[in-house]
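Visitor: Here it is, the structure in full.
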Amino acid sequence: MKYSSLNHNSSPTSFMKAVINGLAPDKGLYFPQEKVILSKDFIESIKNIDDVEICYEVMNKYVGDEIPKQKLIEIINNTISFKIPLKKIDDSIYSLELFHGPTLAFKDIGAKFMAQCLDYFKSSYSSKKITVLVATSGDTGGAVAKGFSSTKDIEVCILYPKDKISKVQERQITTNGNYVKAIEVEGDFDKCQSMVKKAFNDEEIIRKIALTSANSINVARWLPQIFYYFLAYKKINNKKDNLFSVPSGNFGNICAGILSKSMGLPIHHFIASTNANDTIPRYIKDGLYDPHSTKKTISNAMDVSDPSNFIRIQKIFNSDMQKLRKNLSSFSFNDTETEDAMRLLFNSYDYLTCPHSAVGYLGLKKYMDMNKISNVNGIFISTAHCIKFKDVVENSINTSIKYPKSIKDILDKEKKSLSIDNYSELKDFLLSRV
Ligand SMILES: *Cc1c(COP(=O)(O)O)cnc(C)c1O
């Protein structure tokens, strides 16, 4: 498979190059050049196929012969090594729980897949020391740190804003031993992000170190998210219409879902559920793409006002607004509505959700109510475990929740990080590691 840039000013490249570069030289996102369509037979017999084999069928055309079959199977096996349950809430509503991975959020899946691809490709692309450099506003840092835990000779540097991420998130970044360097930045996420960008453009650094980003737009983080739509479909044993509501920030997850439909998976409709950052709901309503400044909300992993993956969704529908609206609805919810939904799910269904997942539930309900739909499989994606947002959840449901053992263990570990304030300190640090 070749990957072309959605900015159309770079030549098509291999899967390996797309993974290593992250972004095309013209700063466009990579997109697979050919459409992958799976056979009807495969989809109809999916119930009898082993999970790893399903994911292999889903992924192998995107990777092509750049990773041998046995190796790709091994990578997939390690990627989906935790359970992905479809929990029934009532007769027409289900929660697809993607938070049983090592850092309790769905980003574990993409991060694990990407880390193993890079590890496989590393010897063929550089003799220099390889460093993954990434800025995080919360969940990405931990997922990337854990994803790379078994790759050798790749160093991971994670920049995070001091006092602006939750305690659990901080411990997930700062307690990983030597291969992860946690860098605490005096400032906000944007400052972390701009330091990372500067390093990628710093000639002295690039000459000495092979820098790679583990950004969410990387095809090796984006594509494996297709897996869980297929795995969810496998678990459904009726012929009702399937709806997916996806709590969305950068729109990578939902874009993977839409791609799974274009590969032949029978999904009737998608709902992109957002918090107060409502650029896409407004766009679908009135056709104007007009990002406002980003608002801070309790579902902070979705505080994005100019979602980078939306261009990939446009590509799938050939920028045809009618097709887009036929396949995708999008609704925005404020923090009060989100808190009410967490409380309702807890009180009426004894079901705990994180604020992001609650937004997903709200979007699903709204679509079903508006269209007077009931006899369907309405699935909202639960993107993180409620404990990652302990204070917000406890406040909403007025009940305290307990840490699972895996989290208790890391809270007891000693935090190790380097504090920095400006770019030259980051540069000195990176160069001192060569
Ligand atoms: C990253 C994240 C999201 C948003 O996913 P996108 O693919 O960026 O739309 C939603 N919920 C949680 C918990 C996340 O960490």
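No value in this document is a laboratory result; all are computed from the given coordinates. Just so we're clear, the structure is a prediction, and the values are computed from it rather than from any experiment. All Cβ positions, even for glycine, are placed from backbone atoms using ideal geometry, and neighbour counts span all protein chains on display.
Visitor: Please turn the phi angles of segment 61-75 into ³J(HN,Hα) values with the Karplus equation 6.51 cos²θ - 1.76 cosθ + 1.60 (θ = phi - 60°), one per residue in order, whole Hz, x for glycine and proline.
Guide: 6, 6, 8, x, 8, 6, 10, x, 3, 4, 5, 4, 5, 5, 4
Visitor: Here is a further query. Is the C-alpha gyration tensor of segment 149-226 telling us rounded, prolate or oblate? Criteria: a/c under 1.5 is rounded; beyond that, a/b larger than b/c is prolate, otherwise oblate.
Guide: On the way: a/c = 1.31, a/b = 1.09, b/c = 1.20.
Because its axes are fairly even, with a/c under 1.5, segment 149-226 counts as rounded.
Visitor: Could you pull out every residue, at least 5 positions away or on a different chain, whose amide H is within less than 5 Å of the one on Cys354? Hs are placed 1.01 Å off N in the peptide plane, and Pro or chain starts have none.
Guide: Ala384, Cys386
Visitor: If amide hydrogens are placed 1.01 Å from N in the peptide plane, which non-local residues have theirs closer than 5 Å to the one on Asp241?
Guide: Asn377
Visitor: If you don't mind, another one. Kindly provide the Kirkwood hydrodynamic radius of the chain in Å, to one decimal, from all pairs of distinct alpha carbon atoms.
Guide: Working: mean 1/r = 0.0453 Å⁻¹.
Across the chain, the inverse of the average 1/r is 22.1 Å.
Visitor: Still on this structure, I have one more. With a ≥ b ≥ c the root eigenvalues of the C-alpha gyration tensor of segment 292-434, is it rounded (a/c under 1.5), prolate (a/b larger than b/c) or oblate? The partial results should precede the final answer.
Guide: Numbers: a/c = 2.59, a/b = 1.28, b/c = 2.02.
Taking the square roots of the gyration eigenvalues as a ≥ b ≥ c, segment 292-434 is oblate.
Visitor: So which of Lys162/Lys388; Lys146/Lys415; Lys17/Lys107 end up more than 20 Å apart, counting from Cα to Cα?
Guide: Working: Lys162/Lys388 17 Å; Lys146/Lys415 15 Å; Lys17/Lys107 22 Å.
Beyond 20 Å between Cα atoms: Lys17/Lys107.
Visitor: Through the Karplus equation 6.51 cos²θ - 1.76 cosθ + 1.60, θ set to phi - 60°, convert the phi angles of segment 304-311 into ³J(HN,Hα) values in whole Hz; use x for Gly and Pro.
Guide: Using θ = phi - 60°, the values come out as 9, 10, 10, x, 5, 7, 4, 4 Hz.
Visitor: Counting Lys and Arg as +1 and Asp and Glu as -1, each charge on the Cβ, what is the dipole of segment 238-334 about the Cα centre in debye, to the nearest 20? Mind dumping the intermediate values first?
Guide: Working: 12 positive and 7 negative charges, 66 e Å.
Roughly 320 debye, rounded to the nearest 20.
Visitor: Using the Karplus curve 6.51 cos²θ - 1.76 cosθ + 1.60 with θ = phi - 60°, work out ³J(HN,Hα) for each residue of segment 187-203 in order, rounded to whole Hz, and write x for Gly and Pro.
Guide: Whole-Hz 3J(HN,Hα) from phi for segment 187-203: x, 9, 4, 4, 5, 4, 4, 6, 5, 5, 4, 4, 4, 5, 9, 8, 4.
Visitor: Using a Gaussian network model of the chain with C-alpha springs under 10 Å, which one of His385, His292, His268 is most mobile by mean-square fluctuation?
Guide: His292
Visitor: Could you tell me which residue out of Ile89, Phe230, Cys192 lies farthest along the dipole of the chain toward its positive end? Charges go on the beta carbon: Lys and Arg +1, Asp and Glu -1, centred on the Cα centre.
Guide: With unit charges placed on the Cβ atoms, the residue in question is Phe230.
Visitor: Can I ask one more? Mind checking which of Ser305, Asn242, Asn78 is farthest towards the positive end of the chain's charge dipole, using Cβ charges of +1 (Lys, Arg) and -1 (Asp, Glu) about the Cα centre?
Guide: Comparing the listed Cα positions along the dipole, Asn78 ranks first.
Visitor: Could I ask something else about it? Report the Cα centroid-to-centroid distance between segment 86-145 and segment 36-84 in angstrom, as an integer.
Guide: 17 Å
Visitor: Mind listing the long-range amide H neighbours of Thr212? Cut-off is under 5 Å, sequence gap 5 or more, other chains count too, H placed in the peptide plane at 1.01 Å from N.
Guide: Excluding prolines and chain starts, which carry no amide H, the hits are Thr131, Val132, Leu133.
Visitor: From the cross-link list Lys240/Lys326; Lys71/Lys234; Lys390/Lys413; Lys61/Lys197, which pairs have alpha carbons spaced over 27 Å apart?
Guide: Working: Lys240/Lys326 18 Å; Lys71/Lys234 24 Å; Lys390/Lys413 19 Å; Lys61/Lys197 32 Å.
Cα-Cα > 27 Å for Lys61/Lys197; rest within.
Visitor: Still on this structure, I have one more. Among Leu328, Asn347, Ala358, whose Cα sits farthest toward the positive end of the charge dipole of segment 277-370 (+1 at Cβ of Lys/Arg, -1 at Cβ of Asp/Glu, about the Cα centre)?
Guide: Towards the positive end, the residue furthest out is Leu328.
Visitor: Based on the alpha-carbon gyration tensor of segment 48-175 and its eigenvalue square roots a ≥ b ≥ c, which shape applies: rounded if a/c is under 1.5, prolate if not and a/b is larger than b/c, or oblate? The partial results should precede the final answer.
Guide: Numbers: a/c = 2.75, a/b = 1.06, b/c = 2.60.
In terms of gyration-tensor shape, oblate.
Visitor: Any idea what the dipole of segment 20-98 comes to, in debye rounded to 20, about its Cα centre with Lys/Arg Cβ at +1 and Asp/Glu Cβ at -1?
Guide: Working: 10 positive and 14 negative charges, 29 e Å.
Roughly 140 debye, rounded to the nearest 20.
Visitor: Under a point-charge model restricted to the Cβ atoms of Lys and Arg (+1) and Asp and Glu (-1), what is the dipole moment magnitude of the chain relative to its Cα centre, in debye to the nearest 20? Provide the component values of the computation, followed by the final result.
Guide: On the way: 58 positive and 49 negative charges, 133 e Å.
About 640 debye.
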